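Report on the following structure.
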Amino acid sequence: MASKLTKKAERFCHEYLIDFDPQAAAERSGYAKGDAARGNAHRLLKDRRVVTHISEIKQLLLPEMGRGWLLAELHEIITDRNVAPQVRTNAIEKAAKIQHLYEKEEAPAGSYTIYLGSAPDDDGDGEDSAK
């Protein structure tokens, strides 16, 4: 799918994954600066081919980048006040699962306990599992 993108659009996809700043990514990719870059970035992120290519790159890089990168991306979602509350809540739950900071409870269904410190000893060895 990436072969259908222009070289600039393909570079935008890679630049966008550096800091998730669409305007800066557009400028670094060779698009005009300032408001024009913001407009180009907005247009690019609405292009299905660009979004698909960004997803493909993420899938390829995720194993190499590890959970730190994924947590950084979730942090962006969690702290963005323009994101719907339910999406932010889901991101918080995913981040907690990645960090092993939750414990699924028996009831009510779908609820979690999120630990802000280390998780309690859950394997019976007398040591916290978060160590």
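Please work out whether the stretch 2-99 counts as rounded, prolate or oblate from its C-alpha gyration tensor, where a ≥ b ≥ c are the square roots of the eigenvalues and a/c under 1.5 means rounded, while otherwise a/b larger than b/c means prolate and anything else oblate?
Taking the square roots of the gyration eigenvalues as a ≥ b ≥ c, the stretch 2-99 is prolate.
With 10 angstrom as the radius, rank LEU17, LEU61 by how many other C-beta atoms surround their C-beta, starting from the fewest.
Ascending Cβ contact count within 10 Å gives the list LEU61, LEU17.
What pairs from LYS8/LYS58; LYS7/LYS94; LYS4/LYS33; LYS46/LYS97 go past 22 Å between their alpha carbons?
Table pairs above 22 Å Cα-Cα are LYS7/LYS94; LYS4/LYS33; LYS46/LYS97.
Could you check the simple spin-label distance between HIS42 and LEU17, using points 7 Å along Cα→Cβ, in nm with one decimal?
Calculated label separation equals 2.6 nm.
Among THR6, THR52, rank each residue by its count of other Cβ atoms within 10 Å, from fewest to most, as a rough exposure measure.
Ascending number of Cβ neighbours within 10 Å: THR6, THR52.
Please give the contour-minus-distance gain from LYS7 to LEU61: 0.36 nm per residue of separation, less the Cα-Cα distance, rounded to one decimal in nm.
That works out to 17.5 nm of additional length.
Values quoted throughout were computed directly from the atomic coordinates according to the rules given, and no laboratory measurement underlies them. Computed from a predicted model, the values in this text were never measured in an experiment. In this analysis, Cβ positions are derived from the backbone assuming ideal geometry, glycine residues included, and neighbour counts consider all displayed protein chains.
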